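Structure, as structure tokens:
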Amino acid sequence: MWTLLCILLLAVFPALTASQQAQQPESTKRTDDVVKRGEHVMGLSHETTIHHFRLFKDGGEIAVAAKDPNDKSSIDQIRSHLAHIAKMFSAGNFNAPMIIHDTNPPGVATMARLKEQIRYEFSEIERGARIRLVAAGPETTDAVHAFLLFQIVDHQTRDAPTIGDELSKK
């Protein structure tokens, strides 16, 4: 399953990147809509924050930080939002990503069905917070990776679509 996912991503990712770089009107509208819905759902400005989605061998992480280290308001909003999201995801509730992306992201059905097999570890980081997603086995790991890869593409974070070994230090 993992091999198939990797092959699919290697085939699709260059096309997605090229399409994003071309900035076709439909692509720009989708991105603008994701940002607008995201700011409404998250209560965070995309202008003042940076989002990262990283893949690890046993899951991955969602990290959000304020661009300005003195932006106490954004830092507090980030921490509040991600703490809330960690609780929602732990309960199998993925309504926020569905609303933001106007679709159910890949992996969500499996993540909700096997919610007891994924830990969502919230922690504060400098200028924000992160959620570490720790999956118990291959099926949940694949689901988490699919979910995070979708986030990378749809939020246009430019994070590497590769599996790393450790948490971010930021």
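The values are calculated or read from the model by the stated rules, or taken from the named source; none is laboratory data. Being a predicted model, the structure only gives us computed values, none of them experimental. Reconstructed Cβ throughout: ideal geometry from the backbone, glycine too, with neighbour counts over all protein chains shown. With ligands, DNA and RNA removed, areas are computed over all heavy atoms of the protein, side chains included. Shrake-Rupley method; radii C 1.70, N 1.55, O 1.52, S 1.80 Å.
For segment 111-140, which positions are over 21 Å from VAL64 (Cβ atoms) and over 16 Å from the mean Cα position of the chain (by Cα)? Break it down into steps so the answer makes sense when it comes.
Filtering segment 111-140 for residues over 21 Å from VAL64 (Cβ atoms) gives 112-117, 136-140.
Within segment 111-140, ARG113, LEU114, LYS115, GLU116, GLN117, ALA136, GLY137, PRO138, GLU139 qualify.
Restrict the check to segment 115-128 and report whether at least one residue is of a type in the set (A, V, I, L, M), under 22 Å from GLU47 (Cβ atoms) and modelled with pLDDT of 95 or more.
Residues of segment 115-128 of a type in the set (A, V, I, L, M): 118, 125.
So of that shortlist, the ones also under 22 Å from GLU47 (Cβ atoms) come out as 125.
Retained after the next criterion (residues that are modelled with pLDDT of 95 or more): 125.
Among the residues of segment 115-128, at least one is of a type in the set (A, V, I, L, M), under 22 Å from GLU47 (Cβ atoms) and modelled with pLDDT of 95 or more, which makes the answer yes.
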**Q.** Flag if THR110 is closer than 25 Å to ILE163 by Cα and polar (S, T, N, Q)
**A.** yes
(Q) List the residue pairs whose Cβ atoms are under 7 Å apart, where the first residue sits in segment 51-79 and is touching a residue at least 40 places away in the same chain (Cβ under 8 Å) and among the basic types (Lys, Arg), the second is part of a loop (DSSP other than H, G, I, E, B) and open to solvent by 60 Å² or more (accessible area, probe 1.4 Å), and the two are 6 or more positions apart or on different chains. (A) LYS57/ASP165
Q: Those residues that are among the hydrophobic types (A, V, I, L, M, F, W, C) and in contact with a helix residue (DSSP H, G or I) (Cβ under 8 Å, 6 or more places away or on another chain), I need them from segment 66-81; list them, please.
A: ALA66
Q: Read through the list (1) modelled with pLDDT under 95; (2) buried (at least 17 other Cβ atoms within 10 Å of the Cβ); (3) not in a helix (DSSP H, G or I), then give the number of the only condition that GLU166 fails.
A: (2)
Q. Checking PRO161 against (1) under 21 Å from ILE78 (Cβ atoms); (2) in a loop (DSSP other than H, G, I, E, B), which single condition isn't satisfied?
A. (1)
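When residues of segment 125-142 are filtered for being closer than 15 Å to THR49 by Cα and of a type outside the set (Val, Ile, Thr), how many remain?
Step one: of segment 125-142, the residues closer than 15 Å to THR49 by Cα are 125-130.
Now restrict to residues that are of a type outside the set (Val, Ile, Thr): 126-130.
Summing the residues that are closer than 15 Å to THR49 by Cα and of a type outside the set (Val, Ile, Thr) in segment 125-142 gives 5.
I'd like to know if segment 151-159 contains one or more residues that are open to solvent by 40 Å² or more (accessible area, probe 1.4 Å), closer than 30 Å to LYS29 by Cα, touching a Pro at 6+ places or on another chain (Cβ under 6 Å) and not β-branched (Val, Ile, Thr). Give the steps one after another, and end with the answer.
Here is the first cut: in segment 151-159, the residues open to solvent by 40 Å² or more (accessible area, probe 1.4 Å) are 156, 158.
Within this subset, residues satisfying the condition of being closer than 30 Å to LYS29 by Cα are 156, 158.
Within this subset, residues satisfying the condition of being touching a Pro at 6+ places or on another chain (Cβ under 6 Å) are none.
Checked against the condition, which is being open to solvent by 40 Å² or more (accessible area, probe 1.4 Å), closer than 30 Å to LYS29 by Cα, touching a Pro at 6+ places or on another chain (Cβ under 6 Å) and not β-branched (Val, Ile, Thr), segment 151-159 yields no hits at all.
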